[in-house]
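Working notes, structure below.
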Amino acid sequence: MAALIAGFFVTALLYASVGFGGGSTYTALLALSAVDYRVLPLLSLACNIVVVAGSTVRFARAEITPWRGAIMLTAIAAPAAFLGGLTPIGQSAFLAILGASLLLTALTLVLPSQASADSDPTRLARFMPLLAVPLGYLAGLVGIGGGIFLAPFLHLTKWNSARAIAATASLFILVNSLFGLAGQLLKGGAERLGAAVDLGLPLLIAVAIGGQIGSFLALKYLPQRWIRLGTAALTGWVGARLLLNL
C-alpha cells in the first residue's frame, strides 16, 4: 500500500505541474497492483476531481477561463462521460483501452503546447466540439478526465491562448470526472462504492498533497519542458507495462 500511495503522490505532483489530473495513470497503477478493475474508475475519477478542482478555481479567479468556449466543450462532453461510466466493459477490453490511452497520453505530452492569443484560430477549431464527445465517453469508461487529449488539439488549431487552453482543459477534466463518477456509481452500486472508500482515503490525501506541491513547483522552480518529459516517461512506461501484461 505504501508503494501505491507514493505512486499516486508522484503522479499527482507531475500531472498538476502541467495542468492535468492524472486519472489514466492512477487507474493503471491500481491495475498493476491487482485491484478489482471495476473499482478503478471510481478511485481515479475521484482523484482527478481532487487534483483539478483547485486549479479550476484559480483559473476562474484569475479570469483566464474562456467561459463561452469552455462551457460549450464541457457541456457536450459531460453526458457522454456519464454514459461511459454506465457502460459495462470486460477486464481485457478495459485494460487494453487504458494501456492505449496511456501511450497516447505520453505522446500528447511531448507535442508542442504553444498557442498565441494574437493568432487566429484555424478552420479546424470550429470542429473541436465534435472531438469532445468521444473524449467525454472515454473519460467515464476508463476513469480519465480527457483534458490531456483535448488540449493538444486546441493548441494545434490555435483555439485560444496557452493559458486559456489550460483553464479549459482543467474545467473539462473536472466536469467529465464528476459525470463519469456519477455513471460509475450508478453502474456499480453500494458494494463497489464501499470497496473504493476502503482503499481510497489515503490515496486521495496523497494526490491532494502531491497536486499542491506540483502546482507550486511548476510556478516557482521547474521548467515546464522537463516536467512534461518526466510525466510522459512515467505515463508511457506504465501504459507499456499494462499492454505487455495482457
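When segment 1-43 is filtered for residues that are farther than 17 Å from Ala169 by Cα and either among the small types (Gly, Ala, Ser) or touching a strand residue (DSSP E or B) at 6+ places or on another chain (Cβ under 8 Å) (or both), the ones remaining, listed by number, are Ala2, Ala3, Ala6, Gly7, Ala28, Ala31, Ser33, Ala34.
Table: residues versus (1) surrounded by 24 or more Cβ atoms within 10 Å (Cβ to Cβ); (2) within 16 Å of Leu40 (Cβ to Cβ); (3) at pLDDT below 90; (4) out of contact with any helix residue (DSSP H, G or I) (no Cβ under 8 Å at 6 or more places or on another chain).
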{"position": "Gly143", "(1), (2), (3), (4)": "yes, yes, yes, no"}
{"position": "Ile148", "(1), (2), (3), (4)": "yes, no, yes, no"}
{"position": "Phe153", "(1), (2), (3), (4)": "no, no, yes, no"}
{"position": "Thr168", "(1), (2), (3), (4)": "yes, no, no, no"}
{"position": "Leu178", "(1), (2), (3), (4)": "no, no, no, no"}
{"position": "Gln184", "(1), (2), (3), (4)": "yes, yes, yes, no"}
{"position": "Lys187", "(1), (2), (3), (4)": "no, yes, yes, no"}
{"position": "Gly194", "(1), (2), (3), (4)": "no, yes, yes, yes"}
{"position": "Ile209", "(1), (2), (3), (4)": "no, no, no, no"}
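Scan segment 30-63 for residues that are farther than 23 Å from Gly194 by Cβ and of a type in the set (Lys, Arg) and jot them down. Of everything in segment 30-63, those that are farther than 23 Å from Gly194 by Cβ and of a type in the set (Lys, Arg) turn out to be Arg58, Arg61. If you go through segment 17-33 and pick out every residue that is under 10 Å from the mean Cα position of the chain (by Cα) and either modelled with pLDDT of 85 or more or assigned to a helix (DSSP H, G or I) (or both), you end up with 4.
Among the residues in segment 42-64, are any over 29 Å from Ala233 (Cα atoms) and either touching a Lys or Arg at 6+ places or on another chain (Cβ under 7 Å) or buried (at least 23 other Cβ atoms within 10 Å of the Cβ) (or both)? Yes, because at least one residue in segment 42-64 is over 29 Å from Ala233 (Cα atoms) and either touching a Lys or Arg at 6+ places or on another chain (Cβ under 7 Å) or buried (at least 23 other Cβ atoms within 10 Å of the Cβ) (or both). Is it the case that Pro79 is over 22 Å from Ile64 (Cβ atoms), within 16 Å of the chain's Cα centre (by Cα) and modelled with pLDDT of 85 or more? No: the conditions fail for Pro79. Taking the criterion of being small (Gly, Ala, Ser), without any contact (Cβ under 8 Å) to a residue 12 or more places away in the chain and part of a helix (DSSP H, G or I), no residue of segment 36-74 qualifies.
The values are calculated or read from the model by the stated rules, or taken from the named source; none is laboratory data. Remember, predicted model here, so these are calculated numbers, not experimental data. Cβ coordinates were reconstructed from backbone atoms using ideal geometry, including for glycine residues, and neighbour counts include every protein chain displayed.
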